[in-house]
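Enquirer: Below is a structure I'd like to ask you about.
The values are calculated or read from the model by the stated rules, or taken from the named source; none is laboratory data. Just so we're clear, the structure is a prediction, and the values are computed from it rather than from any experiment. Every residue, glycine among them, receives a Cβ derived from its backbone with ideal geometry; neighbour counts consider all protein chains shown.
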Amino acid sequence: MRLTETGDLEGKVTVTYTGLEGMYQRLDERHADDVEKKKFLEERVKRQVPVAAEVELVNQPDWTGSETPLVAEYDLKIPGWAVNAGRRVVLPAGVFTAVEKHIFEHANRVHPIYFKYPYQNEDDIRIELPAGWTVSSVPPAHVQDSHVVAYSIQAENGKDALHLSRKLTVDFLILEPKYYPALRNFFQVVRSGDEEQIVLQPGVASARN
Amino acid sequence: MPATNPARSLAVLAMVAGAFAFPARAHAGGDAPAWMHAVVNAPPPNYDEKTDAVLLYSETNVTVVSADKIKTQVREAYKILRPRGREHGVVSVYFGRDRKIKTIHGWCIPAQGRDYEVKDKDAIEVSPGMEGADLITDAKYRVLRIPAADPGNIVGYEYEFEEQPFFLQDTWRFQETDPVRESHYSLQLPPGWEYKASWMNHAEVKPAESGNLAQWAVNNVPGLREEPEMPPRDGVAGAMVVTFFPAGGALNGFATWNDMGKWYNSLLNGRMESSPAIKQQVSALTASQGAPFLKMQALAQFVQRDIRYVAIELGIGGWQPHPAPEVFSHRYGDCKDKATLLRTMLNELGIDAYHVVIYTERGAITPQTPAHHGFNHAILAIKLPDGVNDPRVVATLQHPKLGRLLFFDPTNEFIPFGQLPGYLQANYGLLVTPQGGELVQLPQQPSIMNSIQRTAKLSLDPNGKLKGEVQERRLGERASAERWRLRTTTKDSDRIKPIEDLLGGSLASFYITSASLVNLQQTEQPFGFNYSFESPNYAKNAGDLILVRPRVLGQKGSGLLETKEPRLFPIEFEEPAQDSDTFEITIPPGYVVDDLPPPVDADYGFASYHSKTVVRGNIVDYTRTFEVKELSVPVAKADDLRKFYRIIASDERNTVVLKPAP
């Protein structure tokens, strides 16, 4: 992806849905036509970005396979993804994080926690910076392994580009309510890690404000 | 009051969904009629790839036999283009005590193979439901499922019904979600009768007339695709209202709003006669109240809170309220029943009031709308006694003949007496008096009366934990919404859920350390949340810097217009609003502010947003105001609204940078 001088994040995104993630989408959309399937996939990506985004599916995924992953390719633009901090510009370490933003907000839980199936989400994002911009700091890597749930996020400063990686694993089907506080804590750590900030220093000529 | 068009009400949608549970029985040899086959190869109207179906042909033939007997025949044929268009394979026809279905048939002409047919005996009957309310009605629907309603196929149906009308008027709604190739409407009147046709949201089309038969047709009518926050469908969809007049004069026909007011007023006759029990209740409620405002308020609150909302709408009961003594003794009623009881109780104090019938979405009725039954709600206009100058009386109108009127909705449990909920503000309603009806615009309240005022005193520690106290005061709809949400909660753990939701919307992690509600039951007072919280890792370390988002809570930005589709309809706000946040954040010892985000001043006329972050010693002060000033944003300004929301979204994520003190 590419960060513009106005703070927009735009570029190509490939999402590969494997296993049950792919199967259920194929199942849900088996009676839909191409227009509806396209909208379905685009909405799914929009729901994963925590701010308003423009998403366009650009390939024709294989909706009929059962052995192969469902691969969707998009053009994505997130207006105003990087924001002002006076002379600096900052952007969060996590991009496709919206689903976890509002999970398990309430402190009390009555019923067991049930997931339809165990799953793992893995993000691998390369962001090119505007010419002349430099990375002032990246947050430290976060790793949280809580046995049945695990999370890691890392931002690396490469040459002219940032490399963001994030992995979230939910490896259970049902949890008793007594584990809810620990699970809630875990997702608070996830959210906190997703919101870690990368600090950029715009070039002199292009500094905003 | 019933929905404007029962055949298209929400109740029907719920019912139709259930109708899929019964199988369609196809009949061999049931060829579709010639009128359907005639359109099989007809060129469709203009449509795009997102169109679910096109209405190839529609025909409504109305025959007025007499003032109490009207026959109607309907024929429609859709070509299904996409899977979602299958819904046209289910036809639902409303019937009841005063409306009998004579015949109903459905057919499918598949792209390949023989036609299918379903008949009256294949249909089922269902009762409507009303989500979120108790409704008892004698109205039912006959539902017929047409087989093979698949993309590429054509489905059609024909039904006839006979009705004894409550009023001599019909509405031809020829524009719908799907594009229409051709739609026809004919009106056959008895000798000597006359009609008046009025058009809504469409240029007038002249009819072909022959004797007492008039025929209209429209072609290539574009579909109306739903957009979020668009005006109500009745405010944008093309339709024709046709009113019939018997020979020798008007009889339940509404050429004007005044006529409709007279008709509605006639339904109120005898409904507001008091009873000893009502008189006693009025005395009990008002005896200890001094000022007239307080007496009226006491009666209003009684009807708001002690009369449960239950709609029993049998026959004319969809339009006519029950007698006030019945409503009082049962302690239940619908909107018009509540209005009638409150009016009766006010009359006991010598205070006049008038029914106002209205639609609960602004924009369905405007001064350009022809007189017709476009209403679904009833409220009151109370003639204020001289000398009532209480500042809480806001929703008033100075009427040239009736004097100062206060509009009030007794069905809304949470609206303070003297104010109007957002959906009624600046809306048009029919003021019904013994002299007739008059379309009036209800007042729009100042934006500050619908408000969230949030103040927080917070402190940040070197590890990034933010903690402190927040006070919120909510007014108007902002208060009513929370009271409605909390109306059935009893446990403290449930009562803090709105606060958890609020914090969860803005904070990655948080713990509420104390929380309380203010004036949950006292609807005349501002509603409030007071709470304290801690948010670990709120501030982020970046080397030796600390990054802090000064907009701690609340979100005003919206992705409403973040779409590539061009906007077709104005964007409607439910009510004016004015919110403010004031956050005071004490920074950790040993740190100073290195950088602040810029102030934001965005004023687009219809709305404004201002924010400012300043440093005061070791405190960062963030203040912002958000105001909705106009209730509708025209399409031409949709881009401005999108920019406005982007500016807000950007400000909400802006950051203060702290560095170690030198």
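Enquirer: Just for the range A:137-156: of the residues that are surrounded by 16 or more Cβ atoms within 10 Å (Cβ to Cβ) and within 14 Å of chain B (Cβ to nearest Cβ), which one is farthest from the chain's Cα centre (by Cα)? Show your work before the answer.
Expert: Step one: of the range A:137-156, the residues surrounded by 16 or more Cβ atoms within 10 Å (Cβ to Cβ) are A:137-139, A:142, A:144, A:148-155.
With within 14 Å of chain B (Cβ to nearest Cβ) added as a condition, the list becomes A:137-139, A:142, A:144, A:151, A:153, A:155.
Details: A:SER137: 21, A:VAL138: 17, A:PRO139: 17, A:HIS142: 15, A:GLN144: 17, A:TYR151: 12, A:ILE153: 11, A:ALA155: 13 Å.
Filtering the range A:137-156 for residues that are surrounded by 16 or more Cβ atoms within 10 Å (Cβ to Cβ) and within 14 Å of chain B (Cβ to nearest Cβ), the one farthest from the chain's Cα centre (by Cα) comes out as A:SER137.
Enquirer: Can you name the number of the only condition in (1) more than 10 Å from chain A (Cβ to nearest Cβ); (2) out of contact with any Ser or Thr (no Cβ under 7 Å at 6 or more places or on another chain); (3) under 29 Å from A:THR97 (Cβ atoms); (4) surrounded by fewer than 18 Cβ atoms within 10 Å (Cβ to Cβ) that B:SER532 fails?
Expert: Of everything listed in (1) more than 10 Å from chain A (Cβ to nearest Cβ); (2) out of contact with any Ser or Thr (no Cβ under 7 Å at 6 or more places or on another chain); (3) under 29 Å from A:THR97 (Cβ atoms); (4) surrounded by fewer than 18 Cβ atoms within 10 Å (Cβ to Cβ), B:SER532 misses just condition (2).
Enquirer: I've got another one for you. When you check B:PHE583 against the structure, is it among the hydrophobic types (A, V, I, L, M, F, W, C) and either over 30 Å from B:ARG616 (Cα atoms) or modelled with pLDDT under 95 (or both), yes or no?
Expert: For B:PHE583, the condition - among the hydrophobic types (A, V, I, L, M, F, W, C) and either over 30 Å from B:ARG616 (Cα atoms) or modelled with pLDDT under 95 (or both) - is not met.
Enquirer: Let me ask you something else. Could you run through the range B:282-324 and say how many residues are crowded, with 17+ Cβ neighbours inside 10 Å and in contact with a Lys or Arg (Cβ under 6 Å, 6 or more places away or on another chain)?
Expert: Number satisfying all stated conditions: 5.
Enquirer: I've got another one for you. B:ARG485 - would you say it is buried (at least 18 other Cβ atoms within 10 Å of the Cβ) and either under 21 Å from the mean Cα position of the chain (by Cα) or over 30 Å from B:ASP234 (Cα atoms) (or both)?
Expert: Against the criterion (buried (at least 18 other Cβ atoms within 10 Å of the Cβ) and either under 21 Å from the mean Cα position of the chain (by Cα) or over 30 Å from B:ASP234 (Cα atoms) (or both)), B:ARG485 does not qualify.
Enquirer: If I ask for residues that are part of a helix (DSSP H, G or I), of a type outside the set (Ser, Thr, Tyr) and away from every other protein chain (no Cβ under 11 Å), which ones from the range A:15-42 would you list?
Expert: Pass one, the range A:15-42, residues part of a helix (DSSP H, G or I): A:19-28, A:34-42.
Keeping just the survivors that are of a type outside the set (Ser, Thr, Tyr) gives A:19-23, A:25-28, A:34-42.
Correct list: A:GLY19, A:LEU20, A:GLU21, A:GLY22, A:MET23, A:GLN25, A:ARG26, A:LEU27, A:ASP28, A:PHE40, A:LEU41.
Enquirer: For the range B:516-537, how many residues meet the condition of being in contact with an Asp or Glu (Cβ under 9 Å, 6 or more places away or on another chain) and either on the phi < 0 side of the Ramachandran plot or at pLDDT 95 or above (or both)? Full working, then the answer.
Expert: Within the range B:516-537, the first condition is being in contact with an Asp or Glu (Cβ under 9 Å, 6 or more places away or on another chain), and the residues that meet it are B:517-518, B:520, B:523, B:527-533, B:537.
Subset that is either on the phi < 0 side of the Ramachandran plot or at pLDDT 95 or above (or both): B:517-518, B:520, B:523, B:527-533.
Residues meeting the conditions: 11.
Enquirer: Taking strands (runs of 3 or more DSSP E) that fall entirely within the range B:175-226, which contain at least 3 residues that are touching a residue at least 12 places away in the same chain (Cβ under 8 Å) and either touching a Phe, Trp or Tyr at 6+ places or on another chain (Cβ under 9 Å) or not β-branched (Val, Ile, Thr) (or both)?
Expert: Values: elements: B:180-188, B:194-200, B:208-210, B:213-221.
Output list reads B:180-188, B:194-200, B:213-221.
Enquirer: A follow-up question, please. Looking at (1) over 22 Å from A:TRP81 (Cα atoms); (2) more than 12 Å from chain B (Cβ to nearest Cβ), can you tell me which one A:GLY11 breaks?
Expert: (1)
Enquirer: Determine whether the range B:464-472 contains at least one residue that is in contact (Cβ under 8 Å) with a residue 24 or more places away in the chain, more than 14 Å from chain A (Cβ to nearest Cβ), within 29 Å of B:ARG308 (Cα to Cα) and touching a strand residue (DSSP E or B) at 6+ places or on another chain (Cβ under 8 Å). Break it down into steps so the answer makes sense when it comes.
Expert: Just the residues of the range B:464-472 that are in contact (Cβ under 8 Å) with a residue 24 or more places away in the chain, to begin with: B:464-472.
Next cut, more than 14 Å from chain A (Cβ to nearest Cβ) only: B:467-472.
From what's left, within 29 Å of B:ARG308 (Cα to Cα): none.
Checked the range B:464-472: no residue is in contact (Cβ under 8 Å) with a residue 24 or more places away in the chain, more than 14 Å from chain A (Cβ to nearest Cβ), within 29 Å of B:ARG308 (Cα to Cα) and touching a strand residue (DSSP E or B) at 6+ places or on another chain (Cβ under 8 Å).
Enquirer: Run B:ALA426 past the list (1) in the same structural domain as B:HIS355 (by TED's automatic domain parsing); (2) crowded, with 21+ Cβ neighbours inside 10 Å and report the number of the one that doesn't hold.
Expert: Unmet for B:ALA426, out of (1) in the same structural domain as B:HIS355 (by TED's automatic domain parsing); (2) crowded, with 21+ Cβ neighbours inside 10 Å: (2).
Enquirer: Let me ask another. Of the residues A:GLU105, A:GLU122, which single one is among the charged types (D, E, K, R) and crowded, with 19+ Cβ neighbours inside 10 Å? Steps first, answer last, please.
Expert: Details: A:GLU122 fails: crowded, with 19+ Cβ neighbours inside 10 Å.
Sole residue among the options that is among the charged types (D, E, K, R) and crowded, with 19+ Cβ neighbours inside 10 Å: A:GLU105.
Enquirer: Would you check which residues across the range B:328-365 are among the charged types (D, E, K, R) and surrounded by fewer than 23 Cβ atoms within 10 Å (Cβ to Cβ) and list them? Steps first, answer last, please.
Expert: Pass one, the range B:328-365, residues among the charged types (D, E, K, R): B:331, B:334, B:336-338, B:343, B:348, B:352, B:361-362.
Once the filter is applied, which keeps residues that are among the charged types (D, E, K, R) and surrounded by fewer than 23 Cβ atoms within 10 Å (Cβ to Cβ), the range B:328-365 yields B:ARG331, B:GLU348, B:ASP352, B:GLU361.
Enquirer: Among the residues of the range A:130-173, write down those that are in a strand (DSSP E or B), among the hydroxyl-bearing types (Ser, Thr, Tyr) and free of Cβ contacts under 8 Å to residues at least 60 places away in the same chain.
Expert: Passing the criteria: A:TYR151, A:SER152, A:SER165, A:THR169.
Enquirer: Further, regarding this structure: Among the residues of the range B:619-657, what is the count of those that are out of contact with any strand residue (DSSP E or B) (no Cβ under 6 Å at 6 or more places or on another chain), closer than 30 Å to B:ASP544 by Cα and more than 14 Å from chain A (Cβ to nearest Cβ)?
Expert: The number of residues fulfilling the criteria is 0.
This table checks each residue for (1) buried (at least 21 other Cβ atoms within 10 Å of the Cβ); (2) of a type in the set (Lys, Arg).
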site	(1), (2)
B:ARG99	no, yes
B:HIS105	yes, no
B:ALA111	no, no
B:ASP138	no, no
B:TYR157	yes, no
